[in-house]
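Trainee: Handing you a structure now.
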Amino acid sequence: DGEIAVVFVIEVEVEVYDEVVFEGNRHLDRVAIDGLLGITADRQVTRIEAEAMRKVLIARYRRDGYAFCGVTLTDLPADELGASGLPGSRPLRRLRFAVDEGPEVTLGTVRFFGNASYPADPVFGLFGSGNYLLRDAGLSLDPRRGFVAGSAWSRETLEEDLDRLRLFYRARGFLDATVDLSEAKVSPDRTTVDLDFLVVEGPRYRVRSVRVEHVQDNRDPLPGQPLHPASAIEPEL
């Protein structure tokens, strides 16, 4: 009837690389990278897998303190592939991971504001009785102390330490306490970062009374006399 039917046939080609190479990786050697990414000698990596590997590699570098690390993927030209495949087979392909590590960022100073109940650190960062935020909250944060450099800094560990600080307060009765990062000041050479934390402690809750009830599995009152009456249990709590 004067109409033309047009059919499009789409063939999806999966990009497969016979070899991947890494450049610029000084902090992590090839053995460590292969173990991290699951690369073996006979493994062919697809482009989708390579993108996922790039993200994993960046995350590892940043957790190790290389906060400004970047990784780019580049297909190598055909003349760099070396030996070709068998006659009639597809040409061999190789992918380059170019790693720009950037400087290693360590922790400088750590300051807390609003922490009326617990100081940040005891004298000399070690001695002192009572609870101290940097010593007793289980933090990975270890600021610079004199000529001793601080710990490696990363956003990932920072978020974990914020949760640890909140748990530290909640475990001591400050159920409404909040702890947030108010400022992160990076040095001009991008090698150290100073952190300021804002603490809103709120009220401290205390136990007013304790009541012991003996019940059955279905929460109904226990018939008869319990093995240990409530009057004997409550003083032990």
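The values are calculated or read from the model by the stated rules, or taken from the named source; none is laboratory data. Treat the numbers as computed from the prediction; the structure is a model and nothing was measured. Quick reminder, even Gly has a Cβ in these numbers, built from the backbone with ideal geometry, and neighbours come from all protein chains shown. When the accessible area is computed, the model is the full protein with side chains, heavy atoms only, and any ligands, DNA or RNA have been set aside. Shrake-Rupley method; radii C 1.70, N 1.55, O 1.52, S 1.80 Å.
Trainee: Just give me the residues in the range 199-228 being assigned to a loop (DSSP other than H, G, I, E, B) and within 30 Å of PHE113 (Cβ to Cβ), in sequence order.
Mentor: GLU201, GLY202, PRO203, ARG204, TYR205, ARG206, VAL207, listed by residue number.
Trainee: Looking only at the range 193-236, count every residue that is of a type in the set (Ser, Thr, Tyr) and at pLDDT 95 or above and tell me the total.
Mentor: Matching residues across the range 193-236 total 1.
Trainee: Tell me, which residue of the range 16-34 that is surrounded by 12 or more Cβ atoms within 10 Å (Cβ to Cβ) and part of a helix (DSSP H, G or I) is farthest from the chain's Cα centre (by Cα)?
Mentor: Taking the candidates together, the pick is ASP34.
Quick grid of which residues meet (1) at pLDDT below 90; (2) more than 21 Å from GLU101 (Cα to Cα):
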| site | (1), (2) |
| --- | --- |
| ASP1 | yes, yes |
| ILE10 | yes, yes |
| VAL20 | no, no |
| HIS27 | no, no |
| THR40 | no, yes |
| ILE58 | no, no |
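Trainee: A further question on this structure: Just checking, how many residues over the range 205-214 are surrounded by 10 or more Cβ atoms within 10 Å (Cβ to Cβ) and either acidic (Asp, Glu) or out of contact with any helix residue (DSSP H, G or I) (no Cβ under 9 Å at 6 or more places or on another chain) (or both)?
Mentor: 1
Trainee: Right, something else. Inspect the range 40-57 for any residue being in a helix (DSSP H, G or I), closer than 22 Å to SER154 by Cβ and among the small types (Gly, Ala, Ser) and give the result as yes or no.
Mentor: yes
Trainee: State the number of residues belonging to the range 42-55 that are touching a Phe, Trp or Tyr at 6+ places or on another chain (Cβ under 9 Å), of a type in the set (D, E, K, R) and modelled with pLDDT of 95 or more.
Mentor: 1
Trainee: When the range 131-142 is examined, which residues are found to be in contact with a helix residue (DSSP H, G or I) (Cβ under 9 Å, 6 or more places away or on another chain), open to solvent by less than 50 Å² (accessible area, probe 1.4 Å) and closer than 11 Å to ALA120 by Cα?
Mentor: Within the range 131-142, LEU133, ALA137 meet the criteria.
Trainee: I've got another one for you. I'd like to know if the range 158-170 contains one or more residues that are part of a loop (DSSP other than H, G, I, E, B) and open to solvent by less than 70 Å² (accessible area, probe 1.4 Å).
Mentor: Checking the range 158-170: not a single residue is part of a loop (DSSP other than H, G, I, E, B) and open to solvent by less than 70 Å² (accessible area, probe 1.4 Å).
Trainee: Considering ASP180, ASP194, ASP189, which residue is under 28 Å from CYS69 (Cβ atoms), open to solvent by 70 Å² or more (accessible area, probe 1.4 Å) and not in a loop (DSSP other than H, G, I, E, B)?
Mentor: After applying the criteria, what remains is ASP180.
Trainee: For the range 92-135, what are the residues that are of a type outside the set (A, V, I, L, M), in a loop (DSSP other than H, G, I, E, B) and at pLDDT below 85?
Mentor: Passing the criteria: ARG93, PRO122, PHE124, GLY125, GLY128, SER129, GLY130.
Trainee: Give all pairs with beta carbons closer than 8 Å in which a residue from the range 176-192 that is more than 17 Å from ASP163 (Cβ to Cβ) meets a residue that is assigned to a loop (DSSP other than H, G, I, E, B) and open to solvent by 50 Å² or more (accessible area, probe 1.4 Å); count only pairs at least 6 apart in sequence or on separate chains.
Mentor: What qualifies is ARG190/PHE68; THR191/GLU104; THR192/ARG144.
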